[in-house]
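Since the structure comes first, as structure tokens, the remarks are kept for the end.
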Amino acid sequence: MNVQTQENGYHYGVMRRAIELIDQGGEALTLEELAARMDMSPAHFQRVFSRWVGVSPKRFQQYLTLGHAKALLRERFTTLQASNSLGLSGTGRLHDLFLRWESMSPGEFARRGAGLTIYWGWFQSPFGPALVMGTDKGICGVGFAAETGEDPAMQDLLSRWPDATFVENPAMLRPWVEAAFGSEIPQLDKAPLFLIGAPFQIKVWEALLSIPSGRVTTYSEIAQAIGKPRAVRAVGTAVGRNPISWLIPCHRALRKSGGLGGYHWGLPVKRAMLAYESARAEG
């Protein structure tokens, strides 16, 4: 893993501690107060934050407030149904990150991974330790362990495809991971995905792929976009079962009320992702 990605993992650890401090207090904390609570000098703390997300700690606090989700819905709401480029048939324009996207057939999915070799490895990401899994065709799983711990994250992804053969091979996955989490190497600017799920789930994940970075939508909008307007609860379940977190951006799905909803890898991670994207979009 390159030095930049290793630093991102460290920076997320610092940011995560700051989130906990911000959640505990009712008022905004000054730069000096935040730095002191984390045993860092103000200059070092400011430098770490600015390198991680591109804005000052003071500005970043605004993206971590509980009202941030409501502000996103007001200002950066994406109406999926109004777009003709959803890619729901597999022919539209999908997320700019991905060079190639494939999904399993219903029959392949029903075999629960039997006959499939899935490679895995642990990597540092901008949001803490990330477990990445992939087949020869592309990334099929990404989990985050900052809130859950590494063992539960591993068992979670293993249980998705119980009859597959799992092989530890981070070297095979590393180029895709570098692309997925940001690489300065020009030839590593694409990461292929291999979606393993039921047909309804894949429809939902395709809709998620059409949400631009820095923008959000609602579970009900996703249900409308896939032609199942009354299936909001089922859509929520499918969003929660998304195996490729961050890359298939389930963190951009919010409740219509402006609430964050749930997040499989912990709400602090979801808040961090939304704040990270908001800050970069503004920058």
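Miscellaneous remarks
- Ignoring lysines fewer than eight residues from residue 137 along the same chain, the ones with Cα atoms less than 29 angstrom from its Cα are 190, 203, 270.
- Each eigenvalue of the Cα gyration tensor of the stretch 130-169, multiplied by 5 and square-rooted, gives one semi-axis; in descending order these are 18, 12, 8 Å.
- Given R0 = 51 Å, the distance between the Cβ atoms of residue 230 and residue 51 translates into a calculated FRET efficiency of 0.65.
- Phi angles of the stretch 268-275 translate, via the Karplus equation with coefficients 6.51, -1.76, 1.60 and θ = phi - 60°, into HN-Hα couplings of x, 5, 4, 4, 5, 5, 5, 5 Hz per residue; Gly and Pro are given as x.
- For the stretch 219-283: rounded, prolate or oblate by the Cα gyration tensor [a/c cutoff 1.5]: prolate
- Gained length - residue 237 relative to residue 21, 0.36 nm times residue gap less alpha-carbon distance: 74.7 nm
- Within the stretch 128-283, the proportion of C-alpha pairs whose separation exceeds 29 Å stands at 16%.
FYI, it's all coordinate maths here, none of it is from the lab. These numbers were taken from a predicted model, which means no experiment stands behind them. Because the Cβ atoms are built from the backbone with ideal geometry, glycine has one as well, and the counts that use them run over all protein chains shown.
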